[in-house]
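The values are calculated or read from the model by the stated rules, or taken from the named source; none is laboratory data. Just so you know, these numbers come straight off a predicted model, no measurement behind them. Cβ: placed from backbone, ideal geometry, glycine included. Neighbour counts: every protein chain shown.
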Amino acid sequence: MAANALTGNSISMRSLRSQLNQIPACSLISSSSSVLTSSFGRRNVSFNLRPRSIRLTVSCAAKQETVDKVCTIVKKQLALPDSSPVTGESKFSALGADSLDTVEIVMGLEEEFGISVEEDSAQSITTVQEAADLIEEIIQKK
């Protein structure tokens with residue numbers, strides 16, 4: 001009887017169990033820190049465990065009211081017609097804004113919301129939603 005022992009925390013027991021249940025004559029014994037499989041004489045049972053990085057994104061979406069105000073300011077600064085669709089996902093560059101326009105948008109936002117945006121933060125804003133999120137973050141810190 002060939003036995004393979006695997007240890008590590010990067011494997012999902014639920015996914016492993018469902019995969020092993022599909023293989024005939026294969027059993028699984030597990031504990032919190034190890035996995036033991038038995039192939040009952042089969043030679044082709046193998047596992048490839050690679051460390052995976054976990055990417056977590058925390059997003060605090062701004063209030064719709066803030067997003068709407070930012071959309072209005074962006075339309076005004078870029079002289080866009082009222083019929084032009086500007087949403088939270090709209091990228092400044094896709095709306096025709098260059099770096100000077102982006103600076104003017106940030107200045108308009110500072111004036112409208114009574115805030116001061118640091119230069120590093122201002123340079124990282126590329127969408128309406130990012131601008132709205134930054135505004136609410138700055139307001140909360142006050």
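For region 87-95, indicate whether the set of residues that are touching a Ser or Thr at 6+ places or on another chain (Cβ under 6 Å) and at pLDDT 95 or above is non-empty.
Within region 87-95, one or more residues are touching a Ser or Thr at 6+ places or on another chain (Cβ under 6 Å) and at pLDDT 95 or above.
Just the residues that are of a type in the set (Asp, Glu) and surrounded by 13 or more Cβ atoms within 10 Å (Cβ to Cβ), please, taken from region 119-142.
Selection gives GLU130, ASP133, GLU136, GLU137.
Could you grab me the full set of residues in region 92-118 that are under 21 Å from LYS63 (Cα atoms) and exposed (fewer than 11 other Cβ atoms within 10 Å of the Cβ)?
Listed by number, the residues that qualify are GLU111, GLY114, SER116.
Just one of ILE73, ILE125 is in contact with a helix residue (DSSP H, G or I) (Cβ under 9 Å, 6 or more places away or on another chain), modelled with pLDDT under 95 and among the β-branched types (Val, Ile, Thr); which is it?
After ruling out the rest, the residue left standing is ILE125.
In region 71-115, which residues are outside any helix (DSSP H, G or I) and either of a type in the set (D, E, K, R) or in contact (Cβ under 8 Å) with a residue 24 or more places away in the chain (or both)?
LEU78, ASP82, VAL86, THR87, GLY88, GLU89, SER90, LYS91, PHE92, SER93, ASP98, ILE115, listed by residue number.
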